[in-house]
1. Can you tell which of Arg46, Arg22, Arg54, Arg34 is under 15 Å from Ser3 (Cβ atoms) and open to solvent by 100 Å² or more (accessible area, probe 1.4 Å)?
2. When you check Pro41 against the structure, is it modelled with pLDDT of 95 or more, open to solvent by 60 Å² or more (accessible area, probe 1.4 Å) and not small (Gly, Ala, Ser), yes or no?
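The values are calculated or read from the model by the stated rules, or taken from the named source; none is laboratory data. What you are looking at is a predicted structure, and each value in this text was computed from that prediction instead of being measured. Because the Cβ atoms are built from the backbone with ideal geometry, glycine has one as well, and the counts that use them run over all protein chains shown. Just so you know, the surface numbers come from the protein's heavy atoms only, side chains and all, with ligands and any DNA or RNA stripped out. Shrake-Rupley method; radii C 1.70, N 1.55, O 1.52, S 1.80 Å.
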Amino acid sequence: MLSDIDLYLQRTGVAETTFGRRAVNDPRLVKDLRRGRVPGPGLRRRIEAILRGRR
């Protein structure tokens, strides 16, 4: 999932903190994922929706 997020960030120019805020109102989301945070099913769905441009 992190590689997909990284591609999205590179392609769109969105900052990590902005992505986290849009996904789950948590600007530390991407940093936490890099440090080993495991997203639950709901969080995973929200992230995937953003990556697909549905949010």
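1. Unique residue meeting the criteria: Arg34.
2. Taking the combined requirement at face value, the residue satisfies it.
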